[in-house]
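One structure below.
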Amino acid sequence: MNKSVASNRISENEKLQEFKQLIKQKNYELQEKFDPHLSVKELLREKSDFIDAILTTSWQHFLADKAENLCLIAVGGYGRRELFPHSDIDIVILLDSVSVSDYQEMLTNFLTFLWDIGLKPGQSVRSVEQCVTAALDDQTIMTSIMENRLITGNTALCQTLKDAITPDKIWPSSQFFAAKMLEQQQRYAKYHDTAYNLEPNVKEGPGGLRDMQVITWVFKRQYNSKTLRELIQYGFLPESEYKQLISALHVLWRIRYALHLLTGRSEDRLIFDYQRDLARQFGFSTENQKYNEDVEKFMQFYFKTILELQRLNEMLLQLFNERFVLGEASKEAVPLNDHFVVINKYIEAKHEKVFESQPLALLEIFLILQKNRALKGIRATTIRLIRKNLHLIDDSFRENKAANHLFMEIFRQPHGITTQLRRMNRYGILAAYLPSFANIVARMQYDLFHIYTVDAHTLFVIRNLRRFSIDKHKHELPFCNDIFSLINKQEILFIAALFHDIAKGRNGDHSTIGEEIARDFCRQHDFSSHDTKLVTWLVRNHLVMSMTAQRKDISDPDVIHEFAQKVGSVEYLNHIYLLTVADIRATNPELWNSWKDSLLKELYSASHNALRRGLQNPLALNDRIQEHKNEATDELIRLGFSELILDKLWQHVSDDYFLRYSSDEIIWHTSAIASANETDLPLVMLRAQTRRNSAEIFIYAKNVGAVFSLSTATLDQLGLTILDARIMTTNDDYVLNTFQVLEQSGEAINESYRINHICAVLRNNLLLQDVKEHKNIHRQSRQAKHFPIPTKIKFYPDPLNKQTILELITTDRSGLLSQVGRVFNKHDINLHSARITTIGSRVEDMFYITDMQSQPILDSSKQEKLREELIYVLDNTKPKKASNT
C-alpha cells in the first residue's frame, strides 16, 4: 500500500484520479472479503490502515517541510480502528500554536484533496488549548478526542494533547461516568426504553453498538485500558461473560457492515427494506419456508443479541458506578431479610447459594423491589446469579403454590408492575416461569401496524393499563381512568393482557389457543371460577370491541344489541373496553387517534345503556328512527322550517336514513338541501368537528356517473384518510353521501383555507366527472412495499338489512377505494355503506352492497366474478378459487 501511494508519485490531476481508483479498488477488495458468517474485525482495521496510508502520504505531500510541525490525529471510531464501509473519517489537525495562518494554504489544499478523492472527512483544526476548551464544554467532544490515535506528524505534540486530557486535569472519571449515564438515559427514552422496535437502530438503539461503546469509554476513562479483556483483570466480568460480550459485539459489527454494503451509505437503521436481504445473507432463508419466516428468524437472532448486550451493559455500568463513583462506601451491606441485603440501594443475594437453597427467592426478589421503592434495582452480581439459576424454575417450581402466590402478588402491588415485569423479562424469569411466554420473546409481528415484538407489545399493554390507575396520567385518557376506578381486581386485567397475544406465532387462532393457555394458568394459580371465566373471555375476545367499533355500523341498534349480548354484563364491558384501548395504544403510538377514541366511547356508552335497559328489552328500530326524526323536526321548526317543507324534503328518503344518521346530521343536511337550487349541485359541504372528532364531508348530487369513485379518488389525492363512508340514494335518484375524514397524519381539519380547498376541488371533480392527474400526497409506507398483504375477498349475508357484506383485506395504497368503486360500477353493484378500517398499512374494509334492484348478491357465480375482478385490479394477479369458510 505504502508503495502504491508513495509521496513522490503525487503530481496533480492524474494523481487525484489514481488515488480515487486506489480507494475504489480497496473498497472492492474489502467487499469481496466480507462474509456475513465471519468476524469483520480485521476488515475494519484493514480499512483504517489503508486510510492511514492515504492520509499520511497526502499529508507529507501538502505539508512538505511543515509536516512534522503539526500532527494528524484520528478520533472517534476511526481512532479505534473501526472503519465500516461508509463510516465517518473523523480527524483532528493539531496545531503547534493557536494561529493557523502559517499553514492555512497547505491545510486547505490538503483537505480539498481529501474531498476530491471522495473521503469526505469530518475535520477540525485546533491547538491543544482549543481542544481542551472544546472538550470541557462538551462531553461528546471529550469522548471523541479521548479516542485519539496519531496518524502522522509531530509525536510530541500528540503526546501533549494526551497529557492535557487525562482525568486528573479534565473530566474526572466520576463526572465523565455521570455524563455518559445521562446521555444513555436520554438515548433510551428516544427509543421508548425498548430495544424491541421492529425497525431498530443497530448503532443507537438500546442494546446496540452505542451501549458497547459506553462501556468502553467509561472503562477506558477510569483505567486508561487498551482492551476490554481488562474487564476480567479488574474483576468486572468472568471469562464466560466477557466472551458473551465480545460475541454480541461481533454480531452487531457483522450486521452493520452488511447494512453499509447493502445500502451503499452509512445506514444504521435495520428497516424493513433491508431485513429480507440480510436474512438471506446471514443464512436464514430455506426452501419451503413460511411467508416471512426467514426475516422473523433473522430478527429474533438480532433481538436476542441486543438483549444480551443490554443486560451486560446494565450490569457493568452498575459495577462501574460502585467502583468509580461510590468507592468504599458502596460495600456496606444493610440486612434486608434472610436472603438479601442492600448495597448502595441495590438488592444483593446474601451468598452465592441463596437461589439454590431457596429457589422461590427468584420471584421474591422482584416483589421486594416493588414494596421497597427506595431500591434502585438488583445488584449486578445477583443478576448474574439469577441468570445462572434459571434452570431451577422447572415444572415442580411452576406448580408450587407458594411460587404461584408470589407471582400473583407482583400483579397486585400498587407500584412498579411494569418496571418489574420488564426486568423479569430481561433476566429471563418470565420466559422460565411461563414457557408459553418464551415463544413470544423477540418474536416479530409482520402485520404492518405492530412496531414492537410480541413480548414488548404485551408489556406496553400492561403499562398502559397501569397508567389508567395513576392520577398523574389522567389527563391522557380521563374516561379510562374513571372506568378503571370501577375495576375490583386490577390483576384480572393485567393477567388478561399478559396472555392476550401469548399464542402469536403458533398455528391456529391465537385468541382461542391463548384462551386455553390462560385457563391452565388460572387453574394453577387458584383463580375463582368467576375470575377464570373473565380472564379467559377477555383473552378469547380481546379483538371483539375493536372490530365491532371499526368495522360495523354502531348507530344500528341491532349491532349494539349483538355486542351487548356478547359482553353480557357491565363488569365485562368495563374490562374489555380498558383492554381494547390499552392494546391499540400499545401496537403503535401513531395508530391511536380521536376517531378511534370516540368510536370506542360511543360503543361503550351504547352498550352500557343496552345492558342497563336489559337485553330482553332491546331498543326497537322504529323507536330509534322516530327518536331521530322527532329531534330533527323540533330543531328545524325552531329554525323556521314548516312541517310541510320538511315532509316534502324527506318524502324521497327511506327510514334507513333516519336510522343511520343522528339528529344533528339530519338537521345539517336538511338545512343545506333546502337552501340549495338545482344549479348549486353538486352540493359539497364540510364541517370540521363532529361528535366522533373527525371532519364530515356531505355530498348531495344527482346520481349521475361514479360519484363514490370520483369522491374517494379526490379525497385520496388530497391526502385525506377516509374513516367511514355512508352512501344513500333517494327515491328520486339523488345521492346523499357522507365521508368521515382526517388528515393522513391523524390530525383534524381546522384551517378555513384547507376546508374551502377540499370542498372546491371535490365539487369541481364531480362537475367534470374526472379527477385530474396531480401529485398524490397520500403516502404508502415503506413497510407495505416490502411486506404486501395479498388481497382477500369474502362475502357474508346481512339478512337484517337485506344486503350482502363484502369484506376486503388488502394493503393500503393510493386510490384504493376509487378502484373498488369503479369495479362496483362495472358490475352494477349498488353500494349502501362502507366501514373503512386501516390499521398501519393493512386495510380491513366492509362494504354493504346490493344489486341495482336493492336485492342482496346471493348468486355465487356473481360473487366469484366480483371477487376475481377486485383481486385482479388490486393485485394485478389472477385469483385462486376461494370459499367463505
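Annotations for the structure displayed:
- Under-5 Å amide H pairs with Thr729, H placed in peptide plane, nonlocal only: Leu736
- Of the cross-linked pairs Lys290/Lys601; Lys120/Lys162; Lys331/Lys353; Lys20/Lys226, those separated by over 30 Å at the C-alpha level are Lys290/Lys601; Lys20/Lys226.
- Each other residue within a Cβ distance under 14 Å of Glu409 adds +1 if Lys or Arg and -1 if Asp or Glu, for a net charge of +1.
- Rounded percent of accessible protein surface that carbon and sulfur make up, the stretch 186-247, 1.4 Å probe: 48
- Put Arg540, Arg149 in order of accessible area, highest first, and with a 1.4 Å probe you get Arg540, Arg149.
- Loop-located trypsin sites (Lys or Arg not before Pro) in the stretch 267-368 whose Cβ has at most 12 other Cβ within 10 Å (DSSP): Lys290, Lys353
- The Cβ shell under 12 Å around Val461 holds other residues with a net charge of +1, Lys and Arg each +1, Asp and Glu each -1.
- Separation of the stretch 408-428 from the stretch 448-473 is 13 Å, based on Cα centroids.
- The residues of the stretch 667-773 expose, per residue, 40 Å² of accessible area to a 1.4 Å probe.
- Computed with a 1.4 Å probe on the full set of protein chains, the accessible area for Ile517 sits at about 30 Å².
- Check: the stretch 300-427 dipole with +1 on Lys, Arg Cβ and -1 on Asp, Glu Cβ, in debye: 360
- Mean separation of Cα contacts under 8 Å (6+ apart) over length of the chain, as relative contact order %: 7
- Taking Cβ atoms as reference points and 12 Å as the exclusive limit, the residues near Ile722 contribute a net charge of -4, counting Lys and Arg as +1 and Asp and Glu as -1.
- For the stretch 449-515, accessible area per residue (1.4 Å probe, heavy atoms of protein chains only), Å²: 36
- Accessible surface comparison of Ser285, Ser694, probe 1.4 Å, protein chains only, largest first: the order is Ser285, Ser694.
- Entry for volume of the Cα convex hull per residue in Å³ (calculated from the structure that is shown) out of (1) 162; (2) 177; (3) 213: (3)
- Of the whole protein surface, Val100 contributes about 40 Å² of accessible area at a 1.4 Å probe radius.
- Aspartates and glutamates with Cα under 15 Å of Lys552, excluding same-chain neighbours fewer than 8 positions away: Glu562, Glu602, Asp724, Asp798, Glu807, Glu844, Asp845
- The distance between label points at Leu336 and Gln175 comes to 3.4 nm (points 7 Å beyond Cα on the Cα→Cβ vector).
- Most to least accessible of His669, His405, His561, His391 (protein chains only, probe 1.4 Å): His391, His405, His561, His669
- Trp650 - accessible surface, heavy atoms, 1.4 Å probe, Å² rounded to 10: 20
- For the stretch 113-251: accessible area per residue (Å², 1.4 Å): 43
The values are calculated or read from the model by the stated rules, or taken from the named source; none is laboratory data. Since the model is a prediction, treat every value here as computed from it, not as a measurement. With ideal geometry, Cβ positions are generated from the backbone for all residues, glycine too; neighbour counts draw on all protein chains shown. These accessible areas exclude ligands, DNA and RNA; they are computed on the full protein's heavy atoms, side chains included. Shrake-Rupley method; radii C 1.70, N 1.55, O 1.52, S 1.80 Å.
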